[in-house]
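To start, the structure under review is shown below, and the notes come after it.
The values are calculated or read from the model by the stated rules, or taken from the named source; none is laboratory data. This structure is a prediction, so every number in the text was calculated from the model and none was measured. Because the Cβ atoms are built from the backbone with ideal geometry, glycine has one as well, and the counts that use them run over all protein chains shown. Note: accessible area is taken over every heavy atom of the protein model, side chains too, but ligands, DNA and RNA are not part of it. Shrake-Rupley method; radii C 1.70, N 1.55, O 1.52, S 1.80 Å.
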Amino acid sequence: MKVLIGGYTKNTSKGIYELGLKGNGENARLGKAKLIINVAGPTYFQKDGDLLFAINNAGNKGGIKSFKLTDQKYHEVDKYLTPGASPAYVGIDRKKKLLYTANYHTAVLSVFRYSGDGKLTLLDTVKHIAENLGPRPEQMDGPHPHFFDETPAGNLVSCDLGNDSVDFYHLSNDKLEHLASYKNESGFGTRHIVFSKDGNYFYVVGELSSKINVVKFDEESWSFESIATYSTIPNSFTGHNGAAAIRISGDDKFIYVSNRGNDSLTVFEINKDHTLKHVQRVSAFGKFPRDFNWDPDEKYVVAANQTSNNATLYLRNAKDGSLTPIQKNIAVPEGTRVIFTK
């Protein structure tokens with residue numbers, strides 16, 4: 001098994017790095033990071049077999065690039081760049097061969113189709129407008145969509161940090177149609193979202209508030225009911241924090257969130273009524289953990305620390321959700337995205 005980590009390329013990073021994972025259980029270890037794709041600013045990326053789709057910051061332009069693994073090397077296949085900043089997120093539907101990008105700076109959501117060879121075709125875009133901007137300095141300059149991906153029923157959902165909103169769309173005849181919006185509390189800083197398996201609840205994390213909002217919803221009537229909200233950081237923490245990635249375990253029993261500032265991963269257990277119970281807050285053993293991810297069996301977790309240029313490997317307990325660090329200070333530059341692969 002291997003781990004791919006990419007991120008900013010402002011200092012020493014050159015693109016996307018590969019780290020081999022060897023051993024088992026507490027003896028598992030990640031090897032030395034090896035550059036496999038030289039690309040500027042791959043702060044988020046997705047894989048589909050031998051294809052890899054990465055965000056690309058190309059100076060005064062930004063967008064996505066596609067790469068294909070051939071003869072054990074990744075080769076650039078296609079790119080789609082537009083003037084301005086690059087997107088912050090790229091989602092994927094491997095069955096439909098669709099990609100979804102959210103651009104934090106330009107407020108544009110885009111849908112692409114890709115071929116089996118990685119060729120990209122833009123299908124449609126929508127641009128968010130300032131509808132209900134929050135009071136924080138990061139919100140006052142406009143809408144900031146930070147996430148765009150699919151819902152359990154196959155619709156699309158975006159998280160807008162500027163508008164404190166979760167917006168739902170439907171893609172029909174390659175065109176986006178807005179369906180509904182859910183408003184988080186003012187100043188929440190809506191960033192990323194995960195859904196329960198039954199599709200009746202979602203858990204949305206607020207970057208600026210460092211909170212998780214549990215919401216019951218109906219994807220047919222578009223009714224929403226806020227169930228509860230929980231802090232991802234301790235009450236005693238007074239420094240600046242930005243909550244980042246959120247993940248839900250495959251058995252629907254645990255929620256995980258990364259904290260940049262408190263520099264930790266917070267673990268919650270999901271109760272039967274979908275309220276949350278705090279389980280653990282474990283150090284990231286580095287600074288600014290923007291992303292973390294697990295292997296297909298959810299046995300190992302890797303967190304990438306962007307500003308301290310290192311990663312941490314954890315062993316995950318599936319019964320109680322807890323994380324045990326088994327390898328620290330793994331050198332990898334400016335990491336903001338983590339993927340396990342074969």
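Quick notes
- Globularity index of segment 149-252 is 1.09 (Cα radius of gyration / 2.2 N^0.38 Å, N = number of residues).
- Shape of segment 185-325, Cα gyration tensor, a/c cut at 1.5: oblate
- Shown here are the Rg and Dmax of the Cα trace of segment 63-216, at 16.0, 52 Å.
- Legend: residues 276, 179, sorted from most to least accessible area (1.4 Å probe; ligands, DNA and RNA excluded), read 179, 276.
- From most to least packed by mean Cβ count within 10 Å, the peptides 25-34, 263-272 give 263-272, 25-34.
- Distance from segment 289-333 to segment 218-283 (C-alpha centre basis), Å: 17
- Computed over the Cα atoms of segment 173-227, the ratio of the radius of gyration to the Kirkwood radius (Rg/Rh) comes to 1.00.
- Among the GluC sites (Glu not before Pro) within segment 211-246, those in coil by DSSP and having at most 14 neighbouring Cβ atoms inside 10 Å are 220.
- Positive dipole terminus of the chain, leading residue within 44, 6, 187 (C-beta point charges): 6
- The loop-placed trypsin sites (Lys or Arg not before Pro) in segment 231-265, going by DSSP, that have at most 16 neighbouring Cβ atoms within 10 Å of their Cβ come out as 253.
- The chain - percent relative contact order, Cα under 8 Å, separation 6 or more: 12
- Environment charge of residue 244, counting only residues whose C-beta is closer than 14 Å and scoring Lys/Arg +1, Asp/Glu -1: +3
- Loop trypsin sites (Lys or Arg not before Pro), segment 150-206 (other Cβ atoms within 10 Å of the site Cβ: 13 or fewer; DSSP): 197
- Between the listed residues 90, 80, 24, the Cα displaced farthest toward the positive end of the dipole of the chain, a dipole computed from Cβ unit charges relative to the Cα centre, is found at 24.
- Sequence-separation-based contact order of segment 282-323, relative, with Cα cut under 8 Å and 6+ spacing, percent: 35
- Two-decimal Rg to Rh for the chain - Kirkwood Rh, Cα set: 0.94
- Surrounding net charge for residue 81, when Lys and Arg each add one and Asp and Glu each subtract one, Cβ distance under 9 Å: +3
- Under the Debye formula (equal points on every Cα, no solvent term), log10 I(q)/I(0) of segment 1-136 at q = 0.12, 0.14 Å⁻¹: -0.52, -0.68
- For segment 4-10, Karplus couplings with θ = phi - 60° (6.51, -1.76, 1.60), whole Hz, Gly/Pro x: 9, 10, x, x, 6, 10, 8
- Full-stretch length increase - residue 221, residue 70 - with 0.36 nm per residue and alpha-carbon distance subtracted: 49.7 nm
- Cα gyration tensor shape of segment 119-208, rounded if a/c is under 1.5, else prolate or oblate by comparing a/b with b/c: oblate
- Taking all protein chains together and rolling a 1.4 Å probe, residue 36 ends up with roughly 40 Å² accessible.
- Calculated SAXS-style log₁₀ I(q)/I(0) at q = 0.14, 0.15, 0.19, 0.25 Å⁻¹ - segment 13-65, Debye, Cα scatterers: -0.47, -0.53, -0.73, -0.97
- With a 1.4 Å probe rolled over the protein heavy atoms of all chains, the accessible area of 201, 80 falls in the order 80, 201, largest first.
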